[in-house]
Amino acid sequence: GEGRYYEFVKGSARFFVINSNPNGPDSRKFTQAQGDWLREAMRKSKAEGKDVFRVVCFHHPPYSVAKDRGPTVDMQWPFKEWGASLVLSGHDHTYQVFERRGLRYVVNGLGGDSIYKVDTARELPGVTLVKGFPEIGKTGQFGAMRVTVNEQEMKLFMTTVKKVGGAWEKTEFEPVVI
């Protein structure tokens, strides 16, 4: 992929970073070169047995209920069948956690320029919205995610902050555990 898609290891997790840009030289179709690379890299990772967790990361969310936005259908690849433990994406300036057939999909875009609202009443067939922030009618906050991993579990801690008066106020969400 000439650096456009790659992998790295952190502890017992292997991260696979792919390019979801529709205007890029790599197709977003999982049946093309980038998809072939990911499928083979994940197969090798699983066969070697060293990586407890396999995390796929890219920009455009395969699932999203952000107001006036939507899922990136081209990125709804067979990640679970290929052995993924978690899928991380961004783009939509929200925090959303989905589950589809036992695989968690996390959208973390709260570091963006402006914050979108999440339409928690919107349904996506075959996908469960576990957490959506900020909901329509509520104030959004910028945030960041911290990931910890060991041999038994991976935890994703989402923290948001906002300035209230002269002080910073933070909100910590229940961690996503893989």
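The values are calculated or read from the model by the stated rules, or taken from the named source; none is laboratory data. Only a predicted model underlies this, so the values are computations on that prediction, with no experimental measurement involved. Positions of Cβ are generated from backbone atoms using ideal geometry, with glycine treated the same way; all protein chains shown enter the neighbour counts. Surface accessibility is based on the protein's heavy atoms, side chains included, excluding ligands, DNA and RNA. Shrake-Rupley method; radii C 1.70, N 1.55, O 1.52, S 1.80 Å.
Among the residues of the range 88-126, those identified as among the polar types (S, T, N, Q) and surrounded by 14 or more Cβ atoms within 10 Å (Cβ to Cβ) are S89, T94, Q96, N108, T120. The listed residues are V177, V149, and the only one of them that is in contact (Cβ under 8 Å) with a residue 24 or more places away in the chain, in contact with a Gly (Cβ under 6 Å, 6 or more places away or on another chain) and of a type in the set (A, V, I, L, M) turns out to be V149. The strands (runs of 3 or more DSSP E) located wholly in the range 1-99 that include 2 or more residues which are in contact with an Asp or Glu (Cβ under 8 Å, 6 or more places away or on another chain) and in contact (Cβ under 8 Å) with a residue 40 or more places away in the chain occupy 13-17. Taking the numbered list (1) closer than 18 Å to K67 by Cα; (2) open to solvent by less than 50 Å² (accessible area, probe 1.4 Å); (3) assigned to a strand (DSSP E or B); (4) not aliphatic (A, V, I, L, M) in turn, K131 passes all entries but (2). Restricted to the range 166-178, and to residues there that are out of contact with any Phe, Trp or Tyr (no Cβ under 8 Å at 6 or more places or on another chain) and in a loop (DSSP other than H, G, I, E, B), the residue that is most open to solvent (accessible area, probe 1.4 Å) is E174.
Right, K163: open to solvent by 50 Å² or more (accessible area, probe 1.4 Å), in contact (Cβ under 8 Å) with a residue 60 or more places away in the chain, over 16 Å from the mean Cα position of the chain (by Cα) and farther than 27 Å from E40 by Cβ or not? No. Could you grab me the full set of residues in the range 11-36 that are at negative phi and touching a strand residue (DSSP E or B) at 6+ places or on another chain (Cβ under 9 Å)? Passing the criteria: S12, A13, R14, F15, F16, V17, I18, S20. Somewhere in the range 146-159, is a residue open to solvent by less than 70 Å² (accessible area, probe 1.4 Å), closer than 23 Å to V17 by Cα, within 12 Å of the chain's Cα centre (by Cα) and of a type in the set (S, T, N, Q)? Within the range 146-159 (the criterion being open to solvent by less than 70 Å² (accessible area, probe 1.4 Å), closer than 23 Å to V17 by Cα, within 12 Å of the chain's Cα centre (by Cα) and of a type in the set (S, T, N, Q)), the answer is no, since none of the residues qualifies.
Of all the listed residues (R122, R101), the sole one being among the basic types (K, R) and on the phi > 0 side of the Ramachandran plot is R101. Of the residues that sit in the range 19-39 and are in contact with a helix residue (DSSP H, G or I) (Cβ under 6 Å, 6 or more places away or on another chain) and open to solvent by less than 70 Å² (accessible area, probe 1.4 Å), which one is nearest to V52 (Cα to Cα)? Ranking the candidates gives S20 first. For the range 1-9, the criterion of being closer than 18 Å to Y105 by Cβ, out of contact with any Pro (no Cβ under 7 Å at 6 or more places or on another chain) and at pLDDT 90 or above is met by none of the residues.
Checked against the criterion of being at pLDDT 90 or above, β-branched (V, I, T) and closer than 30 Å to E81 by Cα, the candidates T120, T128 yield just one match: T128. Scanning the range 67-87 for residues that are touching a strand residue (DSSP E or B) at 6+ places or on another chain (Cβ under 6 Å) and either on the phi < 0 side of the Ramachandran plot or open to solvent by 60 Å² or more (accessible area, probe 1.4 Å) (or both) yields F79, K80, A84, S85, L86, V87.
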